1. Considering each of A:11, A:33 in turn, give the residue that is away from chain B (no Cβ under 11 Å), part of a strand (DSSP E or B) and closer than 25 Å to residue A:121 by Cβ.
2. Of the residues A:68, A:25, which single one is within 14 Å of chain B (Cβ to nearest Cβ) and either in contact (Cβ under 8 Å) with a residue 24 or more places away in the chain or under 24 Å from residue A:186 (Cα atoms) (or both)?
3. Which of the following residues is of a type in the set (D, E, K, R) and closer than 25 Å to residue B:247 by Cβ: B:135, B:178?
4. So which residues in segment A:28-57 are free of Cβ contacts under 8 Å to residues at least 40 places away in the same chain and among the hydroxyl-bearing types (Ser, Thr, Tyr)?
5. Could you tell me whether any residue of segment B:173-189 is crowded, with 17+ Cβ neighbours inside 10 Å and touching a Pro at 6+ places or on another chain (Cβ under 6 Å)?
6. Quick test for you: out of A:59, A:52, pick the one residue that is surrounded by fewer than 22 Cβ atoms within 10 Å (Cβ to Cβ), modelled with pLDDT under 95 and part of a strand (DSSP E or B).
7. Is there a residue being of a type in the set (Val, Ile, Thr) and without any contact (Cβ under 8 Å) to a residue 40 or more places away in the chain anywhere in segment B:195-211?
8. Kindly state which helices (runs of 4 or more DSSP H) lie completely within segment B:116-189 and contain at least 1 residues that are more than 14 Å from every other protein chain (Cβ to nearest Cβ).
Amino acid sequence: MKKAIEITDLTVFYRDTLALDSVSLSIDSGKITGIIGPNGSGKSTLLKGILGIIPVKRGEVTFFGSSLEKYRSKIAYVPQRESIDWDFPITVEEVVAMGRIRPKKWWSRTTLADKEIVKETLKKVQLSEFSNRQIGQLSGGQQQRVFLARALAQEAELIVMDEPFVGIDMASQESILSIVQKLRDSGKTVVIVHHDLSVVAQYFDDVILLNKKLIANGPIDEILKSENIEKAYGMTLLLRK
Amino acid sequence: MDLSIWIVFIGTALIGISAALVGTFTFLQKKSLIGDAISHSILPGIVLAYMISGQRNTLILMLGAFVAGWLATQQISWLQRKTKLKSDTIVAATLSIFFAVGLALLSFIQGRPDDGQAGLSDFLFGKIAALNIEDLYLFTVVSVLIIAITFFRYKVMFSFAFNKEFMISKGFSLRWNDFILNSMTILVVAMGVQAVGVVLMSALLIIPVLTARMLTYKLSSLIALSLVFGTSCSLLGSYISILGKNIPTGPCIIMVLSICAISVALLLKIPSKTKRTR
């Protein structure tokens, strides 16, 4: 199995606080991989660290054997809901069109082809009729689908999603999961940060358990053994089905 | 109408246009206070440039303003990176320190016998009537530059304002984006203080866009409406200030802008489009 992401000794500090402690792991390509751990376990930090959004203390990350700089254009990042200002004067269509902006261009304009892609991705996530709405006017599930649409518009090989299932209804959860599975089936790699091992985790192929350190990493069935979960959460309770 | 009136009106229009454009993006970036910090911070730059060059040449004064404004933004971002202080504390402290130095320098040259301070105190509240034709050329160059940068980069600046983490993940440089926006802000402030003065300059950046924001949630209309409000209110304000002999331009423009903003707010009663409806 080809490795989509290989992380060696990734260590991240937030000012003086250790957020990630020498994490080394690899993520297979063509799979849905869940990164799971309790609050404050460094899941989002891991994503932001490997994508260069926050500075890392040390560590190395490669994407399909290349550096981040070389591979960046093939990565789509879906940020956490909380990081978005839902009152911002931006429409659904404009959010999705962000997926088509390219760096290193002195003039950032939208081509006709870009517009066509935006239109099609909106159709894929069933939001065409909302394209001119301000994003705050949508439901939680619709909002999450807008950001998934932006990732689709990037036509990326690697899709990285930070807590996409928080605060959304069942129907949206289903629809996001089905899109994610379609992506996987067409050979893309999907990485999803999620906070527990309840329902959605069953859709993951591989799971990474994280609590500042790497606790376990492997296929979902193996990982669900309780000792790993205890190590990650520090208690026996777990939301297994 | 004679030439000097035309100079005043064209100068005011250029300031209004540039301030409305730049103000829209600082507002979207939630950096409205930076405009205030920059406008207060450029005072020592203006006075020092005058003291060194010995003449009231707009280009030289703007150069001094640019350097001081740039130092202030560097200090702000340096402190934000290196300390745990909240950013409003840092901005407020920077603003007061630079402004204090500016005022001290200003009263120092006021005390000197040689120059009668060359009308430098006009920079406090603005005096649009002091503009001459060379100033106008300079203003045109600066405005064209600002309009061009906005035209080519508005999508990137807008996207950064909305979701900077996404833009960084795509490989856009946050520092470069901040640098461009800060430079545009400094330029427009350095130009605008001649009309409205350092004390009120930030209002000229903020009020047009916040008035527009009450009426729309679309970027294109937001920019268009800010331009309309910013330019028309600046023109009306400077006209009033010329009519009344001794009224400084700044307060006139800002009062017209405020009346405009309040009227829009009242007309809308509760501005429904800025609120989320669920």
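The values are calculated or read from the model by the stated rules, or taken from the named source; none is laboratory data. Every value quoted in this text rests on a predicted model; they were computed, and no experiment measured them. For neighbour counting, all protein chains shown are included, and Cβ atoms are generated from backbone atoms with ideal geometry for every residue, glycine included.
1. None of the other options fit; the residue is A:33.
2. Going through A:68, A:25 in turn, just one is within 14 Å of chain B (Cβ to nearest Cβ) and either in contact (Cβ under 8 Å) with a residue 24 or more places away in the chain or under 24 Å from residue A:186 (Cα atoms) (or both): A:68.
3. Testing whether each residue is of a type in the set (D, E, K, R) and closer than 25 Å to residue B:247 by Cβ leaves just B:135.
4. Result: A:45, single match.
5. No, every residue in segment B:173-189 fails to be crowded, with 17+ Cβ neighbours inside 10 Å and touching a Pro at 6+ places or on another chain (Cβ under 6 Å).
6. Of the residues listed, the single one that is surrounded by fewer than 22 Cβ atoms within 10 Å (Cβ to Cβ), modelled with pLDDT under 95 and part of a strand (DSSP E or B) is A:59.
7. The answer is no; no qualifying residue exists.
8. Output list reads B:122-125, B:133-162.
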